[in-house]
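Novice: First, the structure itself, so that you have it in front of you.
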Amino acid sequence: MALTPSTMLLSLGAKAPAFSLPDTVSGRTISLESFSGKKALLIMFICRHCPYVVHIQAELPKLGADYLPKGVGIAAISANDAANYPDDAPGKLKEIAQQLNYPFPFCYDETQAAAKAYSAACTPDFFLFDGAMKLVYRGQLDDSRPGNGKPVTGKDLRAALDAVLAGKVVSADQKPSIGCNIKWKPGNEPAYFK
């Protein structure tokens, strides 16, 4: 496990990169167009086995319960190499999504193209877009990390979500998320990862 921060390379104001991925639970194809008309869109790069994701995973369905009814679209994506990390294979992702009652799709990015398009580097890595699909926040859920004793509240991400929904400007003071590096397929590592 290499401790890795968010790249923060996707610029604030950038349009949400397109993607089209299978939801591991329903089997439906989820794309950017699936969220047209939403007041905001939250894209989360997570996985099943990373201790940093396990540390915050109970907060994720709470985010869904709190913000889906307010018109926020949410999608989780795992881009980890399932051949070398079988806990992150689609069937295992489906298991954890059902176990935790994720109220949003949990997609599998087999080619890792979506992760690269978003310049995602770690799990968890969060990207929030406004109703015009422009990036307003990228970074951490909150200051809690495994072993640091701080409670998981989601305060940084929630503040950004609340600002978008209130039509306010999201603070540009954004801290990178920190977690395990995305498990790139051999030879598929993006330039920003090397």
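Novice: Which condition does residue 111 not pass, out of (1) closer than 25 Å to residue 14 by Cβ; (2) of a type outside the set (Phe, Trp, Tyr); (3) over 13 Å from the mean Cα position of the chain (by Cα); (4) surrounded by 21 or more Cβ atoms within 10 Å (Cβ to Cβ), if it passes all the others?
Specialist: Unmet for residue 111, out of (1) closer than 25 Å to residue 14 by Cβ; (2) of a type outside the set (Phe, Trp, Tyr); (3) over 13 Å from the mean Cα position of the chain (by Cα); (4) surrounded by 21 or more Cβ atoms within 10 Å (Cβ to Cβ): (4).
Novice: Given the structure, is residue 31 under 29 Å from residue 92 (Cα atoms) and surrounded by 13 or more Cβ atoms within 10 Å (Cβ to Cβ)? Step through it out loud before you land on a result.
Specialist: Working: under 29 Å from residue 92 (Cα atoms): yes; surrounded by 13 or more Cβ atoms within 10 Å (Cβ to Cβ): yes.
In short, yes.
Novice: I've got another one for you. Counting only residues that are out of contact with any Leu (no Cβ under 6 Å at 6 or more places or on another chain) and within 27 Å of residue 91 (Cβ to Cβ), how many does region 119-151 have?
Specialist: Going through region 119-151 one residue at a time, the tally reaches 8.
Novice: Let me ask you something else. I'm trying to understand the selection: among the residues of region 123-155, which are surrounded by 20 or more Cβ atoms within 10 Å (Cβ to Cβ), at negative phi and not in a loop (DSSP other than H, G, I, E, B)?
Specialist: 123, 125, 126, 127, 128, 129, 130, 135, 136, 137, 138
Novice: From the list 43, 77, pick out the single residue that is under 18 Å from residue 115 (Cα atoms), crowded, with 24+ Cβ neighbours inside 10 Å and in contact with an Asp or Glu (Cβ under 6 Å, 6 or more places away or on another chain). Break it down stepwise before answering.
Specialist: Numbers: 43 fails: in contact with an Asp or Glu (Cβ under 6 Å, 6 or more places away or on another chain).
When all the criteria are applied, what remains is 77.
Novice: Could you look through region 1-28, keep only residues that are among the hydrophobic types (A, V, I, L, M, F, W, C), surrounded by 13 or more Cβ atoms within 10 Å (Cβ to Cβ) and closer than 22 Å to residue 108 by Cβ, and pick out the one that is farthest from the chain's Cα centre (by Cα)? Give the steps one after another, and end with the answer.
Specialist: Of the residues in region 1-28, the ones among the hydrophobic types (A, V, I, L, M, F, W, C) are 1-3, 8-10, 12, 14, 16, 18-19, 21, 25.
Checking the rest, the ones that are also surrounded by 13 or more Cβ atoms within 10 Å (Cβ to Cβ) come to 8-10, 12, 14, 16, 19, 21, 25.
If we keep only those that are closer than 22 Å to residue 108 by Cβ too, we end up with 10, 16, 19, 21, 25.
Values: 10: 14, 16: 13, 19: 13, 21: 14, 25: 17 Å.
Per the criteria, the residue is 25.
Novice: Search region 164-181 for residues that are assigned to a loop (DSSP other than H, G, I, E, B) and pair each with any residue that is surrounded by 10 or more Cβ atoms within 10 Å (Cβ to Cβ) and among the aromatic types (Phe, Trp, Tyr) when their beta-carbon atoms are under 7 Å apart and the residues are at least 6 apart or on different chains.
Specialist: Note: pairs meeting the criteria are 170/137; 174/137; 177/126.
Novice: Taking the stated definitions as given, is residue 101 polar (S, T, N, Q) and touching a residue at least 60 places away in the same chain (Cβ under 8 Å)?
Specialist: Working: polar (S, T, N, Q): yes; touching a residue at least 60 places away in the same chain (Cβ under 8 Å): no.
Here the answer is no, as residue 101 does not meet what is asked.
Novice: Has region 50-69 got at least one residue that is part of a loop (DSSP other than H, G, I, E, B), farther than 20 Å from residue 178 by Cβ and touching a Lys or Arg at 6+ places or on another chain (Cβ under 9 Å)? Spell out the reasoning first.
Specialist: At the first step, the residues of region 50-69 found to be part of a loop (DSSP other than H, G, I, E, B) are 50, 57-58.
Among the residues that remain, those that are also farther than 20 Å from residue 178 by Cβ are: none.
No: zero hits.
Novice: Quick one: residue 174 ticks every box in (1) at pLDDT 95 or above; (2) on the phi > 0 side of the Ramachandran plot except a single one, so which number is it?
Specialist: The number of the failed condition is (2).
The values are calculated or read from the model by the stated rules, or taken from the named source; none is laboratory data. Since this is a predicted model, take the numbers as computed values, not measurements. Heads up, the Cβs are rebuilt from the backbone with ideal geometry, glycines too, and the neighbour counts pull from every protein chain shown.
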